[in-house]
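Enquirer: Just dropping this structure here.
Derivation of every value follows stated rules applied to the coordinates shown; laboratory data play no part. In this text, all values refer to a predicted model and were calculated from it rather than measured experimentally. Methodologically, a virtual Cβ is constructed for each residue, glycine included, from the backbone with ideal geometry; neighbour enumeration extends over all protein chains shown.
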């Protein structure tokens, strides 16, 4: 990838000092530099006492988008942190500690699209490296081929312990900040928050949406 973005194989990159009215065009410019298409969605919330589940972006689609960006227009009054997890490190931990889990197959159903699901290995090779692509325990997940003696609850508890050891970024995005994330190599989460929060999300080469 011959661009100034994500140098040296970094999994994420933070840009600061972007004027609010230039954030959206800047995100699309970055997206077109590292991919072909971009899709934007405004995320406006008025408080959520629960964090979202740790997940890979568009994990429910057989072909996940390779990159996405988040930009802060207005941070929450409290909370609303963005946490990024190193999927490559997580895959390495699983391989070293529980190699039998490499036989696990996950089914991730989409929450809002009845006919969309991904049937994939727990650890996938995307972009040249083994990486964990995953969604925390959810009623629309299916887990197949667990090792003998491991329950589904035990599996999810172990996966939480792996993710706890794989954090590589934790911050509250501030106005004018954009974070570019390699979705093939990471997972992420938004923590619980209070108050109005405004975020712009742009996916790059998202197979679920028509190109802009």
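Enquirer: Compute the distance in nm between two label points, each set 7 Å from the Cα along the Cα-to-Cβ direction, one at residue 117 and one at residue 158.
Expert: Between residue 117 and residue 158, the label points sit 2.3 nm apart.
Enquirer: Here's another thing I want to ask about it. For Cα pairs less than 8 Å apart in space and 6+ apart in sequence, what is the mean separation divided by the residue count of the chain, i.e. the relative contact order in percent? Please list the in-between numbers first.
Expert: Numbers: 478 pairs, mean separation 96.2, N = 212.
Once normalised by length, the contact order is 45 percent.
Enquirer: On to the next question. Decide, for segment 86-164, between rounded, prolate and oblate: order the square roots of the alpha carbon gyration tensor eigenvalues as a ≥ b ≥ c, take rounded if a/c falls under 1.5, and otherwise choose prolate if a/b is larger than b/c, else oblate. Walk me through the numbers before you get to the answer.
Expert: Numbers: a/c = 1.74, a/b = 1.25, b/c = 1.39.
Since a/c reaches 1.5 but b/c is at least a/b, the shape of segment 86-164 is classed as oblate.
Enquirer: Continuing with this model, one more query. If you line up the long axis of helix 20-34 against the longest principal axis of the chain, both from Cα atoms, how many degrees apart are they, to the nearest 10?
Expert: 50 degrees
Enquirer: Classify segment 13-89: rounded, prolate or oblate, from the alpha-carbon gyration tensor (a ≥ b ≥ c, eigenvalue square roots; a/c under 1.5 rounded; otherwise prolate if a/b is larger than b/c)? Before the final figure, lay out the partial values.
Expert: Values: a/c = 1.70, a/b = 1.05, b/c = 1.61.
Since a/c reaches 1.5 but b/c is at least a/b, the shape of segment 13-89 is classed as oblate.
Enquirer: Would you mind checking the tilt of helix 87-97 against the longest principal axis of the Cα atoms of the chain, expressed as 0 to 90 degrees and rounded to 10?
Expert: 20 degrees
Enquirer: Follow-up question, since we're still on this one. Suppose R0 equals 30 Å. What FRET efficiency, 1/(1 + (r/R0)^6) with r the Cβ-Cβ distance, do residue 77 and residue 167 give to the nearest 0.05?
Expert: Details: r = 24 Å, r/R0 = 0.79.
Once the sixth-power term is evaluated, E becomes 0.80.
Enquirer: Any idea what angle helix 152-164 forms with the longest principal axis of the chain, computed on alpha-carbon atoms, 0 to 90 degrees, nearest 10?
Expert: 40 degrees
Enquirer: Sort 206, 130, 100 so the one with the fewest other Cβ atoms within 10 Å of its own Cβ comes first. Working shown, then result.
Expert: Values: 206 25, 130 17, 100 13.
Least to most surrounded, the residues fall as 100, 130, 206.
Enquirer: A further question on this structure: Can you tell me how segment 157-212 classifies by the Cα gyration tensor, rounded, prolate or oblate, using a/c under 1.5 as the rounded cut?
Expert: Working: a/c = 2.00, a/b = 1.19, b/c = 1.68.
The shape class here is oblate.
Enquirer: Which order do 64, 150, 23 fall in if you start with the one that has the fewest other Cβ atoms within 10 Å?
Expert: 150, 23, 64
Enquirer: Hey, with R₀ at 45 Å, roughly what FRET efficiency would residue 5 and residue 148 work out to, going by the Cβ-Cβ distance, to 0.05?
Expert: Working: r = 44 Å, r/R0 = 0.99.
Taking R0 as 45 Å, the efficiency between residue 5 and residue 148 is 0.50.
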